[in-house]
Structure formats: structure tokens, C-alpha cells
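Mind looking over this structure? Questions follow.
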Amino acid sequence: MADRRSSSSSAAPPLFGLVLAGGRSTRMGRDKAALTYADGTPQLERAMRLLAPHVARAFVSVRSDQADDPVRARFAQIRDREENLGPIAGLLAAQAQHPEVAWLVLACDLPLLDESTLAHLLESRAPERAATAYRSSHDGEPEPLCAIYEPASREALAAYVAAGRQCPRRFLTESDTLLLDEPNPRALDNVNTPQEYGSVMSLMNPQSSAAPRQQPSGEVKRLTVQYYALLREQAGRREEALVSGARTPRELYAELSRRYPFSLGPEALRVAINSEFGDWSTPLADGDAVVFIPPVAGG
């Protein structure tokens, strides 16, 4: 991997990595960084695994109020210094903290990003330019959230934001950016809405068409989940709204157990659906409220 990082030039600045996970996920209705896909791994964790082998150090970009979130707290963080700037705030904070390095920046909502696309970007890196990025396969514009920003871009980016501008795509358009064609036209498709999430889930799980219980292939449901007692402590939250492809409470709990450090198995819990105790194999429907209840200490 070291050869890949230095292949463009022996004098290239060191390369650090940054996964942007500071968004509010308003269109999705739940935290995009915590979404799970084909293998049940939270998307933020998958992005960090993809990024880390290619960089000297890897960080997650967060807002200050996200620092203790269980999904983000596992990783080294860089906190935004400016509010309401969108993804460009993460890059600004990273460049301010480590101004001498280049930054490989990834959005946390790219579930189709593959190793070959990332490798092509790294192998094509032009350290003498301000940035190296892909040209969108949809509209031909730069893709700013899977790109390498060299130290030479730092002052220009700070001036760009100081002038009241916030669009990283426009910044790359107006900068000395090397633009590459995407080797995989879908690799940089991001997921912002429940409908887009459902589409990607169906693409990743075509075998789900054989699923029982008369449920449509790839059906995605908006659910509310409540946690009590020990589960609340382990999840770090009392309640959350989420989008899931789980067909039953058992599948939902298994999905959540990959995200949170739950120490209790289903056999130790009771489950309620819409305020009524239910069975772990009860089919879930869109809009259901699910409660997982551990045993009460003291009997």
C-alpha cells in the first residue's frame, strides 16, 4: 500500500484520510453514517475500512455534538470549527489542524464505492495540482466528496469560504483540479433518502426476492425503536427512528447488534410492537414502533 500512496511523486506531501460524517441526515430521517447494507456493517465503519489502508492517518469529521455518538466515538475525530457550512466545514477543519498534508476526503454515504475506484484515484493523484477528483458520470461536474485535496488548496479554500461561498463542487471547478473519468459509473452514487436506500439495498441483496412472509423484495420500512435499561446504556440513546430492511424483530435486533455493543441475546429479552408484546418472528410493517425490553433487576 505504501507504494500506491507514493506512486505519483516521491516528494508528494503525506496523505491523511477524512470521512465526512457531520451531516444532519434530514432527508433520510435517520443517521446515514449508521445505515447498514449488504453485510450489516455501519456505513461509517465500512468507509473507514476502505480508506485506512491508503493513508497515513484516518479521521472522521464530526460536529461537536456528535463526538460521543457510539458510531463515531470509535474513531479518531476532527470536529468542525464552523457551523452551517455543510461538508466543506469538515475539510476546512482538517486542513487547519494538519495544514502540511494532503487529504483524501470521502463522504460517509457512498455505499457503492469500491476498492478499484479508490485505487484509481490514488494512482492518478497529481500532487502538483490543487486537487484530484472524479468527473461525475451523471453531469460531468467534479465530485468533491471522493477527492484528494493537496496542501496548495488550503488558502484558496479558506478564501473561498470567507467570501461567503460553500459549494465544494464549484470550488473544484474554479481550481487547478485534475479531473478523472469514473471507472465505475455508480461508485459515487450517494444515498440521501429512504427511497435511495431501498434501491441500493435491492441492488446489493437481489436474493431477497426469495424471502418468505409475502414481503416485497428489498422492502424498506421506517421504524421507531425504543431501548430500556441496559440496552439504553449500550446504545447510548433511549429511542431512534431508522430505516431498515429487517422483516422481523429478530432480524432487526441482529442488525442493531452489529451497530451497538449489546450483551444480551433475544432469548433474554421481550419485544413489543406497537405497545403490544409480540413474537420475535412477527412480520414488521412500515411505521411500526418496536421496543426491546431486558429483564428488570431485582425481580
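The values are calculated or read from the model by the stated rules, or taken from the named source; none is laboratory data. Just so you know, these numbers come straight off a predicted model, no measurement behind them. When we count neighbours, we look across all protein chains shown, and the Cβ atoms used for this are built from the backbone with ideal geometry, even at glycine.
Here is a check on your reading of the model: is LEU122 at pLDDT 95 or above and part of a helix (DSSP H, G or I)?
yes
Being of a type outside the set (D, E, K, R) and at pLDDT below 95 is the filter; apply it to region 74-86 and report the residue that is nearest to ALA107 (Cα to Cα).
GLY86
A further question follows. Identify the single condition in (1) surrounded by 15 or more Cβ atoms within 10 Å (Cβ to Cβ); (2) under 12 Å from the mean Cα position of the chain (by Cα); (3) without any contact (Cβ under 8 Å) to a residue 40 or more places away in the chain that ARG79 does not satisfy, given that it satisfies every other one.
Result: ARG79 passes all but (2).
Might you let me know whether region 41-60 holds any residue that is under 19 Å from PRO144 (Cβ atoms) and either part of a loop (DSSP other than H, G, I, E, B) or of a type in the set (Lys, Arg) (or both)?
Scanning region 41-60 turns up at least one residue that is under 19 Å from PRO144 (Cβ atoms) and either part of a loop (DSSP other than H, G, I, E, B) or of a type in the set (Lys, Arg) (or both).
Same structure again: Considering only region 125-205, give the helices (runs of 4 or more DSSP H) lying wholly within it that have at least 3 residues that are out of contact with any Leu (no Cβ under 8 Å at 6 or more places or on another chain) and surrounded by 17 or more Cβ atoms within 10 Å (Cβ to Cβ).
Result: 194-204.
Of the numbered conditions (1) free of Cβ contacts under 8 Å to residues at least 40 places away in the same chain; (2) outside any helix (DSSP H, G or I); (3) crowded, with 21+ Cβ neighbours inside 10 Å, ASP109 fails exactly one; give the number of that condition.
It is condition (1) that ASP109 fails.
Being over 17 Å from TYR37 (Cβ atoms), modelled with pLDDT of 85 or more and out of contact with any Asp or Glu (no Cβ under 6 Å at 6 or more places or on another chain) narrows it down to one residue among ALA210, ALA297, ALA254, ALA229; which is it?
Answer to the selection: ALA229.
When you go through LEU35, LEU44, LEU50 one by one, which is the residue that is under 11 Å from the mean Cα position of the chain (by Cα), among the aliphatic types (A, V, I, L, M) and within 18 Å of TRP103 (Cβ to Cβ)?
LEU44
Also, I was wondering about something else. Taking the condition outside any strand (DSSP E or B), in contact (Cβ under 8 Å) with a residue 60 or more places away in the chain and either more than 25 Å from the chain's Cα centre (by Cα) or closer than 21 Å to GLY40 by Cα (or both), does ALA285 pass?
Yes.
Given the conditions (1) surrounded by fewer than 22 Cβ atoms within 10 Å (Cβ to Cβ); (2) among the polar types (S, T, N, Q); (3) in contact with a Pro (Cβ under 9 Å, 6 or more places away or on another chain); (4) closer than 26 Å to GLY245 by Cβ, report the number of the one that GLN43 does not fulfil.
Result: GLN43 passes all but (1).
Matching residues to (1) modelled with pLDDT of 95 or more; (2) touching a strand residue (DSSP E or B) at 6+ places or on another chain (Cβ under 6 Å):
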residue: MET1; (1), (2): no, no
residue: ALA12; (1), (2): no, no
residue: ASP31; (1), (2): no, no
residue: GLY40; (1), (2): no, no
residue: LEU51; (1), (2): yes, yes
residue: HIS54; (1), (2): yes, no
residue: VAL62; (1), (2): yes, yes
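Assuming LEU92 fulfils every condition listed in (1) out of contact with any Lys or Arg (no Cβ under 9 Å at 6 or more places or on another chain); (2) in contact (Cβ under 8 Å) with a residue 12 or more places away in the chain; (3) not in a strand (DSSP E or B) apart from one, which condition is it?
(1)
On the basis of being among the charged types (D, E, K, R), in contact (Cβ under 8 Å) with a residue 12 or more places away in the chain, more than 21 Å from PRO70 (Cα to Cα) and touching a Pro at 6+ places or on another chain (Cβ under 8 Å), does ARG250 make the cut?
It is true that ARG250 is among the charged types (D, E, K, R), in contact (Cβ under 8 Å) with a residue 12 or more places away in the chain, more than 21 Å from PRO70 (Cα to Cα) and touching a Pro at 6+ places or on another chain (Cβ under 8 Å).
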